[in-house]
Structure formats: structure tokens, C-alpha cells
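> Let me give you the structure first, and then I'll get to my questions.
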């Protein structure tokens, strides 16, 4: 297990390097929220989820919905490293004609299940997938990653209500609670706390973890799989921009890519010597 | 005398039939299954019916998710809530990914009646038409509704089918071959063309008979598929008759009239008069009264025809 955790931590570091490189190249995209989510995304794509990069349409696969679609770079680097498409494609993020669109587009990118980007809509789609997969029988699970600012969207709570009503125990939501949004601290813009408590009151099983502790992430994902009769939410306390010291905890790096001056310093932070 | 059938009843029956033919078909509703008639499907296939409660945005996204795992979801509620409230969900979760979701909304237009303006959608055709990848169909009667629902089930991609509340006269025979994107000439004519959709086609046919008495030969072209529009039949009508009246139970902004005017304006400008709701909200009343109140009867089409003919002559 310790080996697994160490491997995953190293993979997350590799993915952080590619996030920073990719965004520097595109000069457009969402740095902070991609870096805060990547540990959970690493755990999902490289350990927890059953999926096949050679067969993105494999019927029995688990499904992942990046509800906070602006963190697309985090999903894209994971898909690239997993083998869904060549790593070089990352250099074409957000370019005209690229299959790597600004926000996840199921029509363009292998491995992307639905189109997200408009906050608050992904969890509903995850619900639909969970219902459909249950009708099909089989053991497929659905993972939905949301932002904490995203919880301000009312539709999230419609979906939360429905997930509990329909006892979607094949659904696991994760909240990347990095406490920041575009206009500043979530608590100051429109407070959403207490997050776990809210989900519990909607009928969910709720866990709270450190979203950068790989062992805790894995344990939470394993635990979620044992919960019957209700969906599970993993509320992950995270740091926006995690991994690059001068990006950390800054709302200003929400939608701003690393500059030419920042890139080498960011790579150094991530232990990349190239 | 023709039979009277509510298009929503035809939908409910057809959906229940289709459920037996295709195990992937599922249905969703927002607490209105008794009105939309998805209740018939729900009774036969309870495990494939999902009442989402009064939460239309979530319902639309849930349908998209079901489609993403291979189901064929039919999503229903009243028109204003289906594509009004859940417009952005339709746009982002259904249209943008080209999800195989069939939005079948009932209670379109003012004939919703006593519930009044909040429930009478006068804008739905316009706001769906403007979204890429959406196919928009407004059937005229029970026969066409059954065919359109079946066609939608068999065609991959997002659909918006707009039905009404009340019984309407059956104008198509059992030999009618419905085709997505194809209009239907209901009556020949040479002086002008009435291009109509939904329940207004029955009014258009009545108007043509009245006009005949005045010595005016009015062609009637029924357009069920507003998008993609059958440009051929409309262009032919404009070129051959030289004047057009459009008729819909919808605002004159952006619906069938908008679509026809946009197209003819570029291809064959002729005098046009759009008959519909003149940029107003609906109001409470009996359905028949409201059609008269909003100027949506055969006599209103006759007046519009006279007006457009006078512009044609001058």
C-alpha cells in the first residue's frame, strides 16, 4: 500500500509539471483549480477507477465527470498520461482546431464522458449516468468532482436531493474545497459552509479529508464503495494552486496561466530540473 | 367529421408502446406526468420512469447523463418549464454534446388556458431554434404526433417536440408519411401561401376555404419541422404564389414566422405577414376564447391574406 501511495504521489507530481507546462504553452486556462484537484484525479485515474485507455467506450468502465470543468487541464494531463491520446497533444490546449477544448468536450476528446464548463450542471449528468448504469446492471461507479464555489449553483442541490432520493450508492461526489473563487474567498463572496453538513442533511454519506493526502484520498474512495443506499460525498480540503508555492492560496491564479518568468520557478518547485 | 385527439394523449400512448419495443427508452418528468401523459409509460415500465420532482434543470441534466450511458430519454413537462427554465441545461448538456435526448413538452402556446400567462409559452420555438444541433417539431394532430415521436426515437440526436393541451382535429390520414424536415402541401393554390404549424394548420385549411369563396386561391403548406426548415417547399411556394402568410400559436418573433421570413428574405423576398402572438404574454381564459383574443382563428388568417395580397398587387 505504501508503495502504491508513493507511486501515486509521484504521478501527481508529474501531472502537476505537465499542467504547468501545458498552461504556459496555451497562455490561457485555469491554473489554481487544476492544481488543487490533481491529487484526487490522480487517485481516480491511476488507481481507483476501472477504465481502459485502449477502449474508451468499454461498457463496464467507471465514469468520471469533471463538474468543475475549468479544471480541464487536470483531466487532460491524466488522460494523456493514461494513454488516451499522445502527450504532445497537450501543447495544443485551447488552440483553434484542437481536440483539447477550453472546457471538457465529449465530442472532441477520448475519455471525456460529457460536456461540462457551465458550473452546477455536471452532478445532474452524473446522476443520470448512475441511474442508467444501475438499470444496465453491473458494477460501474460514477465519480463527480465539483468545486466549492460551484456549490453556489442551485442545480447542484437539485441533483443532491435526487441522488439521495434515488439511493444512488454507485455515485461518489468529491468537492475540491480550495476556499477560493474568482472574486475572492468563497466565505466572503457567498458562503457555502458547512459543506459536509449540507450534504448530510440532503441524505448523503459525507466524509471530510485533506485533499492532498493520497492515503486519505484512497481510503475515502474505498470507503465510499462500501456505502449502501445513499450516495457519498468526499469533501476535500485543498489549496488552490497546490504544489507551486507562489500560486498557492491566490484567487488571482484562478484563470491565469504561468508566465514566461514564472514557468522555470514553478517547475523548480515541482522538482523538475529540465 | 374529423376526430378530436389531444397531441399529448397521442404522445403518452406512443411512448408507452415504444417502451415495449426498445428497452433503452426511459422517461423523465417533473411532477406533471398526469398532464404530459408520461404516466402511461410510468405505469408499464416503473423502473424506467424517473419523476424528478419540480426540478427541471436537474431533470434535463439527468436525461443527458442517461443518454451518455446509452439510454434514450424522453423528457417531459410544460413547454415554458422544459425549455424556458431548463434552457441553458438543454443548451450545455443536450445540444452542445449532441446528446440523444428527446424533449417532448406539452402545454405549448396560449391554449393552455386558465392557468394564464406564467404557464403559456409564447417563446419556446424561438429559444430552441436558436440553439445549434436542436431539431424542432410542432405536430398538427394526433396522427402526426405519433409519427414524430417514433421518428425522434429512431433518429440519433437532440429533439424538441412541442405539443398542446387540448383536443385538436385530426387532419392527417393513416396513410400520412411523416418525414423529419419535410413540409406537406395540404391544399393547392396560386394567389398566396399560408405556411402554418401545429394547431394553426387546421385554421389555415379553414381560411383557405373562406378565401376560395372570395375567389382567392390559397395554398396551404404545413410545416411540422421548424428546424431544419423545408426550404424547398417554402421557396417553391414563394416563387409560385408570390405572397406568404405564416401562422403559429407562438410569438411572431423567432418562431415559424421568423424562420420563414429569414429564409425568404435572403432567397425570394415576397410580401409576408406573420400571424401569431404579437409580442405579448398570454392570459387566463378558455382556450377557444384565447385563440380569438390573440387573433389566431381562420378569419384572422383571411384578413392577413387580404393584407398581404394588397401589398403583392401594389
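> Does segment B:66-87 hold any residues that are touching a residue at least 12 places away in the same chain (Cβ under 8 Å) and facing chain A (nearest Cβ under 8 Å), and which are they?
Of everything in segment B:66-87, those that are touching a residue at least 12 places away in the same chain (Cβ under 8 Å) and facing chain A (nearest Cβ under 8 Å) turn out to be B:66, B:67, B:68, B:70, B:71, B:73.
> Another question, if that's okay. Pairs only if they're at least six apart or on different chains, beta carbon under 7 angstrom, first in segment A:100-127 and within 9 Å of chain B (Cβ to nearest Cβ) and within 18 Å of residue A:22 (Cα to Cα), second assigned to a loop (DSSP other than H, G, I, E, B) and modelled with pLDDT of 95 or more; list them, first residue then second.
Final answer for the pair search is A:105/A:112; A:105/A:115.
> Out of everything in segment A:160-190 that is in contact with a strand residue (DSSP E or B) (Cβ under 9 Å, 6 or more places away or on another chain) and within 13 Å of another protein chain (Cβ to nearest Cβ), what residue ends up being surrounded by the fewest Cβ atoms within 10 Å (Cβ to Cβ)?
A:166
> Can you tell me how many residues within segment B:36-52 are assigned to a loop (DSSP other than H, G, I, E, B) and away from every other protein chain (no Cβ under 14 Å)?
2
> Look at residue A:86 and say whether it is more than 14 Å from chain B (Cβ to nearest Cβ), surrounded by fewer than 17 Cβ atoms within 10 Å (Cβ to Cβ), at pLDDT 95 or above and in contact with a helix residue (DSSP H, G or I) (Cβ under 9 Å, 6 or more places away or on another chain).
In short, yes.
> Identify the single condition in (1) away from chain A (no Cβ under 11 Å); (2) within 22 Å of the chain's Cα centre (by Cα); (3) at negative phi that residue B:30 does not satisfy, given that it satisfies every other one.
For residue B:30, the failing item is (1).
> Can you confirm whether segment B:274-286 contains a residue that is part of a helix (DSSP H, G or I) and surrounded by 15 or more Cβ atoms within 10 Å (Cβ to Cβ)?
For segment B:274-286, residues part of a helix (DSSP H, G or I) and surrounded by 15 or more Cβ atoms within 10 Å (Cβ to Cβ): absent.
> With respect to residue B:146, is the statement that it is at pLDDT 95 or above, more than 14 Å from chain A (Cβ to nearest Cβ) and either part of a loop (DSSP other than H, G, I, E, B) or in contact with a helix residue (DSSP H, G or I) (Cβ under 6 Å, 6 or more places away or on another chain) (or both) true?
In short, yes.
> From A:257, A:264, grab the single residue that is farther than 19 Å from residue A:157 by Cβ and without any contact (Cβ under 8 Å) to a residue 40 or more places away in the chain.
None of the others qualify; the one that does is A:264.
> Any idea which of B:296, B:290 is buried (at least 17 other Cβ atoms within 10 Å of the Cβ) and outside any loop (DSSP other than H, G, I, E, B)?
B:290
> While we're looking at this one, here's another question. Which number in (1) in a helix (DSSP H, G or I); (2) more than 17 Å from the chain's Cα centre (by Cα); (3) under 20 Å from residue A:70 (Cα atoms) marks the one condition that residue A:28 misses?
So residue A:28 meets the others, but not (1).
> Let me ask something else about it. Is it the case that residue A:140 is within 9 Å of chain B (Cβ to nearest Cβ), at pLDDT 95 or above and not in a helix (DSSP H, G or I)?
It is true that residue A:140 is within 9 Å of chain B (Cβ to nearest Cβ), at pLDDT 95 or above and not in a helix (DSSP H, G or I).
> Specify which of the listed residues (B:94, B:122, B:128, B:110) is within 14 Å of chain A (Cβ to nearest Cβ), buried (at least 24 other Cβ atoms within 10 Å of the Cβ) and modelled with pLDDT of 95 or more.
Only one candidate qualifies: B:94.
Each row is one residue, and each column tells you yes or no for (1) touching a strand residue (DSSP E or B) at 6+ places or on another chain (Cβ under 6 Å); (2) buried (at least 19 other Cβ atoms within 10 Å of the Cβ).
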{"residue": "B:3", "(1), (2)": "no, no"}
{"residue": "B:14", "(1), (2)": "no, yes"}
{"residue": "B:21", "(1), (2)": "no, no"}
{"residue": "B:24", "(1), (2)": "yes, no"}
{"residue": "B:27", "(1), (2)": "yes, yes"}
{"residue": "B:32", "(1), (2)": "no, yes"}
{"residue": "B:38", "(1), (2)": "yes, yes"}
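Each row is one residue, and each column tells you yes or no for (1) assigned to a helix (DSSP H, G or I); (2) in the same structural domain as residue B:277 (by TED's automatic domain parsing); (3) on the phi < 0 side of the Ramachandran plot.
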| site | (1), (2), (3) |
| --- | --- |
| B:34 | yes, no, yes |
| B:54 | no, no, yes |
| B:57 | yes, no, yes |
| B:70 | no, no, no |
| B:74 | no, no, yes |
| B:84 | yes, no, yes |
| B:98 | no, no, no |
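> Is it fair to say residue B:301 is in contact with a strand residue (DSSP E or B) (Cβ under 8 Å, 6 or more places away or on another chain), free of Cβ contacts under 8 Å to residues at least 40 places away in the same chain and either assigned to a helix (DSSP H, G or I) or not assigned by TED's automatic domain parsing to the domain that holds residue B:199 (or both)?
The answer is no for residue B:301.
The values are calculated or read from the model by the stated rules, or taken from the named source; none is laboratory data. Note that the coordinates shown come from a computational prediction; the quantities given were computed from them, not determined experimentally. All Cβ positions, glycine included, derive from the backbone under ideal geometry; neighbour counts span all protein chains shown.
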